[in-house]
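Everything below concerns the one structure shown next.
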Amino acid sequence: MPENCDPIIEVRDLYISFYTYAGVVKAIEGVSFTVCRGETYCLVGETGCGKSVTSKALTRLIQAPGRIEKGRVIYYPKPGHPIDITSLDEGELRKIRGGEIAYIIQDPSAALDPLYTIGFHIAETMNAHGLVRSIREGFREAVKYLNKALMPDPEERVKSYPHELSGGMKQRGVIATSLSTKPKVLVADEPTTAVDVTIQAQIMKLLKELKSGEGLTLILITHNMGLVAEMCDRVAVMYAGRIVEEGAVLDIFKSPKHPYTRALLNAVINPLVRTSKLESIPGTVPDLIRPPRGCRFHPRCPFSSEICLERPPSFLIGQDHKVACWLYKDEAQGVEG
Amino acid sequence: MSENSSRARESVKRMFPGEQPLVEVLNLKKYFPVRGLIFTRGYVKAVDGVSFSIPKSKTLGLVGESGSGKTTVGRLILRLIEPTGGSIYFDGRDILKLSGRGLKAFRRRAQIVFQDPYMSLNPRMTVFDIVYEPLRVHGIKVENPQEYVLKLLYQVGLNETHLFRYPHEFSGGQRQRIAIARALALNPEFMVLDEPTSMLDVSVQAQILNLLKEIQAKYNLTFLFISHDLGVVRYMSDYMAVMYLGKIVEIGPSDKVFENPAHPYTKALLSAIPIPDPEVARTRSRLTIKGEPPSPLNPPRGCRFHPRCPFYMEKCGLEEPPLIEVEKGHWSACWLHV
């Protein structure tokens with residue numbers, strides 16, 4: 001954690017499993033991290049690493065057959081006022097979920113009901129959180145939030161149905177809906193995977209502006225290392241349900257420590273320079289019903305040894321830089337977990 | 001052939017100096033009708049007059065955002081769909097004039113790998129059947145089919161244990177390997193790769209891209225590599241073309257296009273990609289464009305990019321710019337170069 005961090009969300013030793021017919025999928029195992037107020041925190045990883053599940057667990061959005069087995073999620077609406085989200089009753093939780101912690105999900109077409117206008121989505125959200133007395137009042141407010149989300153022609157668009165909008169505009173509609181409850185934390189789960197790159201650039205610019213303008217804390221979930229580099233203050237790299245490395249964005253990119261982080265960065269193409277040979281990671285991600293023992297990356301790791309059959313703790317190897325790998329056992333300044 | 005079109009063909013042939021073209025595309029058009037209740041309401045001009053060549057044993061990358069027409073171009077070149085106009089030459093022969101046996105012979109030489117390996121493999125066929133199918137279709141007899149298929153599987157990093165399994169037993173990356181093995185089965189000269197890695201994770205993507213480069217070098221293949229991912233195109237391509245709303249706006253050696261983009265749309269596209277380097281990402285100057293691509297049903301007059309272009313001039317809305325050679329072998333369709 002950085003020195004002057006004022007925590008807004010703390011995740012402690014989270015375990016999530018999915019009880020499927022094929023067996024118990026151990027999707028998240030012992031994930032802990034802290035998000036500081038006002039920062040952009042990234043969860044990055046490949047398909048199935050558990051980044052989305054973790055983000056959903058922040059407001060207990062895990063549905064059957066999934067279950068939070070263990071661990072705590074603490075939310076600090078004000079410094080020094082912890083609320084334990086994991087033990088909150090459903091009524092209290094509803095005020096926080098979508099209210100103080102709002103989401104932008106990956107697919108804006110799935111986030112919007114095709115039978116209702118954009119304005120209605122915003123009005124309904126505001127009404128549900130008691131911010132307006134009627135849907136009609138919410139409808140009038142909606143224009144303001146569409147404007148904030150830089151929707152072109154908001155007075156007209158407020159009356160549009162989702163099918164009348166392009167992918168980028170739908171996502172702006174979703175962002176406006178999320179903003180309408182004046183959240184403190186915005187969780188953006190792959191917000192631009194469904195849109196083209198020029199629109200992605202526009203949406204990311206918007207998120208940056210909103211973050212500073214509205215004093216938001218942004219949690220960005222992505223698989224795109226480019227977006228991490230562009231947007232984030234701190235990053236957690238996830239692999240097969242665990243955080244393998246966490247640190248300030250510059251440290252992660254300039255001196256990645258975990259073999260997985262290094263391999264991942266080598267597999268990412270920087271379009272501004274010519275790459276003659278791309279390095280790939282042999283093998284595929286493990287099946288989380290029967291995950292590998294110990295470090296979950298060890299079957300694909302070029303440095304694996306006997307000790308990797310034991311689960312590595314998180315070694316602190318520098319100012320706010322943690323890595324869960326036995327290679328750093330000797331140079332560690334501290335150990336967590 | 002009229003004098004005009006033979007001159008056009010000559011210029012396409014010499015588009016990239018020092019290269020021998022395998023594929024030449026001239027003024028290719030594909031309009032999809034949009035049907036109303038009774039009459040056709042209009043046409044989506046998915047591809048609207050593109051000309052380019054693909055040099056032998058090289059890769060031409062085709063980039064563009066969704067709806068730019070890049071996939072349609074790939075399918076037209078293989079004659080999986082019929083063009084509305086224009087001509088396509090493969091190894092000097094007009095493939096639009098081919099039919100029957102001639103067309104079949106062409107199809108042996110040109111293959112495709114599709115984007116979605118979950119849809120391009122028949123779930124009821126084993127890997128052996130999938131990879132052997134092209135030989136069956138073309139009536140080619142080999143002495144030992146199993147050995148033949150196995151050799152192909154080794155090529156793409158699979159082995160004998162995979163031979164009689166079904167597609168559902170494989171991950172996305174492995175499925176794409178099977179699709180590549182199938183495309184290799186007939187020893188083609190040319191392959192269209194239509195976003196072959198867009199469904200894969202980065203670590204697996206790197207495996208597949210390296211595999212494609214390997215087989216290209218080994219078999220001397222010519223690739224048309226279609227992708228929306230500029231990084232992937234840079235890694236794979238010797239030459240690249242940028243499409244916008246059915247038109248090629250810029251084409252040239254990929255290093256030149258990346259390092260010295262000429263068309264405002266290319267510049268905007270390049271500055272929109274996130275760069276995996278925090279120092280560069282936060283300090284570079286960017287050209288952001290407003291708005292979204294207009295509907296291809298009713299594209300803007302003149303240069304199709306003009307409503308979003310920061311360098312818009314009056315001429316742009318009136319007249320369409322031709323491809324202009326800005327440096328040797330590097331072409332851009334913009335009035336700024338005149």
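Residue check: B:SER332 meets all listed conditions (1) more than 14 Å from chain A (Cβ to nearest Cβ); (2) farther than 29 Å from B:LYS56 by Cβ; (3) among the small types (Gly, Ala, Ser) but one, namely (2). Suppose the filter is facing chain B (nearest Cβ under 8 Å), crowded, with 20+ Cβ neighbours inside 10 Å and either in contact with a strand residue (DSSP E or B) (Cβ under 6 Å, 6 or more places away or on another chain) or within 24 Å of B:SER198 (Cβ to Cβ) (or both); does A:LEU278 pass it? The answer is yes for A:LEU278.
When the residues of the range A:149-173 are filtered to those that are out of contact with any Pro (no Cβ under 9 Å at 6 or more places or on another chain) and of a type in the set (Lys, Arg), which remaining residue is least open to solvent (accessible area, probe 1.4 Å)? Write out each step before concluding.
Of all residues in the range A:149-173, those out of contact with any Pro (no Cβ under 9 Å at 6 or more places or on another chain) come to A:149-160, A:164.
From what is left, the residues that are of a type in the set (Lys, Arg) are A:157, A:159.
On the way: A:ARG157: 66, A:LYS159: 112 Å².
My answer is A:ARG157.
For the range A:124-137, the set of residues classified as under 17 Å from A:PRO183 (Cβ atoms) and not β-branched (Val, Ile, Thr) consists of A:GLU124, A:MET126, A:ASN127, A:ALA128, A:HIS129, A:GLY130, A:LEU131, listed by residue number. A Cβ distance below 7 Å, combined with a sequence gap of six or more or placement on separate chains, defines the contacts here; from the range B:313-332, residues that are β-branched (Val, Ile, Thr) reach residues that are assigned to a strand (DSSP E or B) in the pairs B:ILE324/B:TRP331; B:ILE324/B:SER332; B:VAL326/B:SER332.
Go through the residues of the range A:214-221 one by one and say whether even a single one is farther than 26 Å from A:ILE16 by Cα, more than 10 Å from chain B (Cβ to nearest Cβ), surrounded by fewer than 24 Cβ atoms within 10 Å (Cβ to Cβ) and not aliphatic (A, V, I, L, M).
Checked against the condition, which is being farther than 26 Å from A:ILE16 by Cα, more than 10 Å from chain B (Cβ to nearest Cβ), surrounded by fewer than 24 Cβ atoms within 10 Å (Cβ to Cβ) and not aliphatic (A, V, I, L, M), the range A:214-221 yields at least one hit.
Would the range A:45-66 turn up any residue that is charged (D, E, K, R) and farther than 25 Å from A:THR193 by Cβ?
Step one: of the range A:45-66, the residues charged (D, E, K, R) are A:46, A:51, A:56, A:60.
In the following step, the residues that additionally are farther than 25 Å from A:THR193 by Cβ were identified as none.
No, the conditions are met nowhere in the range A:45-66.
Restricting attention to the range B:214-271, the residues that are aliphatic (A, V, I, L, M) and part of a loop (DSSP other than H, G, I, E, B) add up to 3.
A count restricted to the range A:73-123 and to residues that are open to solvent by less than 30 Å² (accessible area, probe 1.4 Å), under 22 Å from A:VAL53 (Cα atoms) and assigned to a loop (DSSP other than H, G, I, E, B) stands at 4.
Residues in the range A:127-144 that are open to solvent by less than 80 Å² (accessible area, probe 1.4 Å) and either touching a residue at least 24 places away in the same chain (Cβ under 8 Å) or part of a helix (DSSP H, G or I) (or both): A:ASN127, A:HIS129, A:ILE135, A:GLU137, A:GLY138, A:PHE139, A:GLU141, A:ALA142, A:VAL143.
Screening B:LEU270 against (1) under 22 Å from B:ARG286 (Cα atoms); (2) in contact with a Pro (Cβ under 7 Å, 6 or more places away or on another chain); (3) more than 14 Å from chain A (Cβ to nearest Cβ); (4) of a type outside the set (Lys, Arg) leaves a single unmet condition, (3). For the range A:39-72, a tally of residues being open to solvent by 60 Å² or more (accessible area, probe 1.4 Å) and touching a Cys at 6+ places or on another chain (Cβ under 6 Å) returns 0. Candidates are the residues of the range A:252-275 that are more than 9 Å from chain B (Cβ to nearest Cβ) and assigned to a loop (DSSP other than H, G, I, E, B); the one that is least open to solvent (accessible area, probe 1.4 Å) is A:HIS258.
Among the helices (runs of 4 or more DSSP H) confined to the range A:145-215, the ones with at least 1 residues that are modelled with pLDDT under 90 are located at A:167-179, A:197-214.
Filter the range B:189-210 down to the residues that are assigned to a helix (DSSP H, G or I) and either surrounded by 19 or more Cβ atoms within 10 Å (Cβ to Cβ) or away from every other protein chain (no Cβ under 11 Å) (or both), then identify the one that is farthest from the chain's Cα centre (by Cα). Let's see the steps before the verdict.
The first filter runs over the range B:189-210 and keeps only residues assigned to a helix (DSSP H, G or I), leaving B:202-210.
Remaining after also requiring either surrounded by 19 or more Cβ atoms within 10 Å (Cβ to Cβ) or away from every other protein chain (no Cβ under 11 Å) (or both): B:202-209.
Values: B:VAL202: 20, B:SER203: 23, B:VAL204: 21, B:GLN205: 17, B:ALA206: 19, B:GLN207: 20, B:ILE208: 17, B:LEU209: 15 Å.
Looking at the filtered set, the residue picked out is B:SER203.
Of the residues that sit in the range B:247-264 and are more than 9 Å from chain A (Cβ to nearest Cβ) and within 22 Å of A:GLN200 (Cβ to Cβ), which one is most open to solvent (accessible area, probe 1.4 Å)?
Looking only at the range B:247-264, we keep the residues that are more than 9 Å from chain A (Cβ to nearest Cβ), and these are B:247-253, B:256-257, B:260-264.
Retained after the next criterion (residues that are within 22 Å of A:GLN200 (Cβ to Cβ)): B:249-250, B:257, B:261, B:263-264.
On the way: B:VAL249: 12, B:GLU250: 0, B:VAL257: 2, B:PRO261: 27, B:HIS263: 2, B:PRO264: 2 Å².
This residue is B:PRO261.
Residues that are within 13 Å of chain A (Cβ to nearest Cβ) and either part of a loop (DSSP other than H, G, I, E, B) or under 22 Å from the mean Cα position of the chain (by Cα) (or both) within the range B:299-325 comprise B:PHE305, B:CYS309, B:PRO310, listed in sequence order.
Among the residues making up the range A:36-52, those that are at pLDDT 95 or above and of a type in the set (A, V, I, L, M, F, W, C) are A:CYS36, A:CYS42, A:LEU43, A:VAL44.
Within the range A:302-328, the residues that satisfy the criterion of being part of a loop (DSSP other than H, G, I, E, B) and within 20 Å of A:PHE33 (Cα to Cα) are A:ARG311, A:PRO312, A:PRO313, A:GLN319, A:ASP320, A:ALA324, A:CYS325. Checked against (1) free of Cβ contacts under 8 Å to residues at least 24 places away in the same chain; (2) closer than 24 Å to A:GLY167 by Cα; (3) aliphatic (A, V, I, L, M), A:ILE83 meets all criteria but (2).
Quick check: anything in the range B:109-123 of a type in the set (Ser, Thr, Tyr), open to solvent by less than 40 Å² (accessible area, probe 1.4 Å) and under 29 Å from B:SER227 (Cα atoms)? Before you say what the answer is, go through the steps one by one.
Within the range B:109-123, the first condition is being of a type in the set (Ser, Thr, Tyr), and the residues that meet it are B:118, B:120.
Filter again for open to solvent by less than 40 Å² (accessible area, probe 1.4 Å), leaving B:120.
The next check asks that each one be under 29 Å from B:SER227 (Cα atoms); those that pass are B:120.
Yes, the range B:109-123 has at least one match.
The condition of being in a loop (DSSP other than H, G, I, E, B), touching a residue at least 24 places away in the same chain (Cβ under 8 Å) and either under 24 Å from the mean Cα position of the chain (by Cα) or more than 20 Å from B:MET243 (Cβ to Cβ) (or both) holds for only one of B:PRO296, B:PRO274, that being B:PRO296. Looking across the range A:233-251 at every residue that is within 19 Å of A:VAL53 (Cβ to Cβ) and either more than 16 Å from the chain's Cα centre (by Cα) or in a loop (DSSP other than H, G, I, E, B) (or both), the one that is farthest from the other protein chains (Cβ to nearest Cβ) is identified as A:GLY241.
The values are calculated or read from the model by the stated rules, or taken from the named source; none is laboratory data. What you see is a predicted model, and the numbers here were worked out from it, not measured in a lab. Because the Cβ atoms are built from the backbone with ideal geometry, glycine has one as well, and the counts that use them run over all protein chains shown. The accessibility values were calculated without ligands, DNA or RNA, using every heavy atom of the protein model including side chains. Shrake-Rupley method; radii C 1.70, N 1.55, O 1.52, S 1.80 Å.
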